[in-house]
Amino acid sequence: MSSYYNLPTHITVISNSLQPKNNLDLSNTDGCHDVYKREVDLVLGAGGKEGVRYCRAVSEVTLKTDRARDVYTSVGLAQLYQRLEGGVHMEVEGWGWGEGGGGFWREYRLEGEEVECRIREEFEEDLWELKVDGVDGGWEI
């Protein structure tokens, strides 16, 4: 979206909560197996009140090592995989149209040696026609 509108994207964290460790299998970890439920808005433009939300993302982030937990507390998800340097596998698990057919959603999984994320993104119905800081739509062809 940043490229389409030629504007920066900002993340607004709505929640980021550590989940209870009930019945977790710790056999493939170094003892750490923290699971966070994270909800963020992706905002186009100046951020805060002046920007326009174009996506809500809900994630389940599983941290498999102490090192991953330490890095997670200081960076976003994309930077997390970069800093851990283990590579990442992405698998799309589903997608569909939103209610009314204008927006869409997608679900995918990112998996690395130290971190696994399950993410559902729900994009706004007017995604390609947003009005942001005087910018009208995206590219003209």
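Each reported figure results from applying straightforward, stated rules to the coordinates on display, with no laboratory input. As the structure is a prediction and not an experimental result, all values here were calculated from the model.
Points to keep in mind about this one:
- With kT/(6 pi eta Rh) evaluated at 20 °C and eta = 1.002 mPa s, and Rh the Kirkwood radius from Cα pairs, region 2-133 diffuses with a coefficient of 133 µm²/s according to Stokes-Einstein.
- Net length available on complete extension from residue 93 to residue 122 is 9.0 nm, with 0.36 nm assigned per residue and the Cα-Cα distance removed.
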